[in-house]
Each structure stands twice: as structure tokens, then as C-alpha cells.
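To start, the structure itself, in C-alpha cells.
The values are calculated or read from the model by the stated rules, or taken from the named source; none is laboratory data. Here the structure is a predicted model, which is why all the values come from computation and not from measurement. Reconstructed Cβ throughout: ideal geometry from the backbone, glycine too, with neighbour counts over all protein chains shown. For the accessible areas, the whole protein counts, side chains as well, though only heavy atoms, and no ligand, DNA or RNA atoms are used. Shrake-Rupley method; radii C 1.70, N 1.55, O 1.52, S 1.80 Å.
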Amino acid sequence: MKICFPVNVNEGLNSQVHGHFGSAKGFLIFDPEANAFEEHHNPDRQHLHGACQPFSALGGREVDAVVVGRIGSGALTGLTRAGLKVYQAGGQTVAENIESFKEGILNEITADKVCGGHGHGYGCEHGHSH
């Protein structure tokens with residue numbers, strides 16, 4: 001299983017999970033079986049609000065789950081339709097969230113918990129302006 005974490009700065013296990021999937025500078029993809037990370041730059045970071053292309057952002061990397069602070073409905077729908085699970089980050093760092101994931105205590109994000117836009121919705125914090 002591979003778990004994707006959106007981040008702005010790669011500090012390995014100490015990386016802070018970014019507040020929003022689509023505007024993260026990149027992703028750390030963690031493989032618990034190999035205990036290894038892969039870093040990937042987000043080429044879709046400057047998308048228009050509501051137009052996030054999650055698989056373009058991931059650059060074709062195969063993952064099984066995403067752990068994120070917030071996510072928009074389009075990205076959530078795209079990921080879940082492809083069979084990925086999307087979880088609400090329960091801690092600040094990747095390490096804290098890996099532990100919570102292993103313990104099964106992260107909450108899955110559902111359509112009623114997505115980002116509603118700039119200054120609206122479920123506590124969304126976008127890192128880009130329009």
C-alpha cells in the first residue's frame with residue numbers, strides 16, 4: 001500500500017502535511033512495506049479553483065490512499081472513483097499521520113467534508129490567489 005501526503009517542504013517524516021491537496025508544492029508517497037518515501041513535484045499546483053486534476057498532480061504515480069488537511073470536491077470525487085481512500089490528517093507531521101493510519105484512527109473524508117472554496121465551506125485554506 002502506498003500513502004500520499006501533500007507537502008510544501010520535504011523533511012521526510014517530519015514534513016508538515018499541507019492544508020490543501022491541490023495547492024501543495026509536492027507529495028511524499030510513503031510505502032510502509034519498504035519503509036521508503038518517493039518525492040513528487042505537483043505540476044498541477046497553479047490550477048483554477050475547482051479545476052484540480054488529482055492524477056495530473058500525482059504525475060501517474062500509483063497510490064492507494066491520500067492523507068490531507070483539506071481537499072476540494074472535484075479532487076475527492078476523482079480519487080474516490082479511482083478506488084483511492086482519502087483521509088483527514090489527524091496530526092501535523094507525516095510521521096504522526098502514518099502512526100494514526102496504522103492505528104486505524106484517521107477519518108475518511110466524505111463529500112460533506114470537502115473544501116467549499118475561498119473563505120467558504122469546511123475550513124479550507126488555499127495557498128494560491130485568484
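Take the residues in region 100-114 that are in a loop (DSSP other than H, G, I, E, B) and under 15 Å from the mean Cα position of the chain (by Cα); name whichever of them is modelled with the lowest pLDDT.
Of all residues in region 100-114, those in a loop (DSSP other than H, G, I, E, B) come to 104-107, 109-110, 114.
Filter again for under 15 Å from the mean Cα position of the chain (by Cα), leaving 106-107, 109-110, 114.
On the way: Leu106: 96, Asn107: 95, Ile109: 92, Thr110: 84, Val114: 68.
Looking at the filtered set, the residue picked out is Val114.
Go through Phe5, Phe55, Phe30, Phe37 for me and flag whichever is among the aromatic types (Phe, Trp, Tyr) and either farther than 22 Å from Glu103 by Cβ or at pLDDT below 85 (or both).
Exactly one residue qualifies, and that residue is Phe55.
Between Arg61, Arg45, which is at pLDDT 60 or above, open to solvent by 10 Å² or more (accessible area, probe 1.4 Å), more than 15 Å from Leu79 (Cβ to Cβ) and not in a strand (DSSP E or B)?
On the way: Arg61 fails: more than 15 Å from Leu79 (Cβ to Cβ).
Selected residue: Arg45, the only one of Arg61, Arg45 that is at pLDDT 60 or above, open to solvent by 10 Å² or more (accessible area, probe 1.4 Å), more than 15 Å from Leu79 (Cβ to Cβ) and not in a strand (DSSP E or B).
Out of the residues in region 68-83 that are open to solvent by 20 Å² or more (accessible area, probe 1.4 Å) and part of a helix (DSSP H, G or I), state the one that is nearest to Glu96 (Cα to Cα).
In the first step, residues of region 68-83 are kept if they are open to solvent by 20 Å² or more (accessible area, probe 1.4 Å); the result is 70, 73-74, 77-78, 80-83.
Next, only the ones that are part of a helix (DSSP H, G or I) stay: 73-74, 77-78, 80-81.
On the way: Ser73: 25, Gly74: 27, Thr77: 26, Gly78: 26, Thr80: 23, Arg81: 27 Å.
Looking at the filtered set, the residue picked out is Thr80.
Provide a single number: the residues in region 94-113 that are open to solvent by 20 Å² or more (accessible area, probe 1.4 Å), touching a residue at least 60 places away in the same chain (Cβ under 8 Å) and touching a strand residue (DSSP E or B) at 6+ places or on another chain (Cβ under 9 Å).
The total comes to 1.
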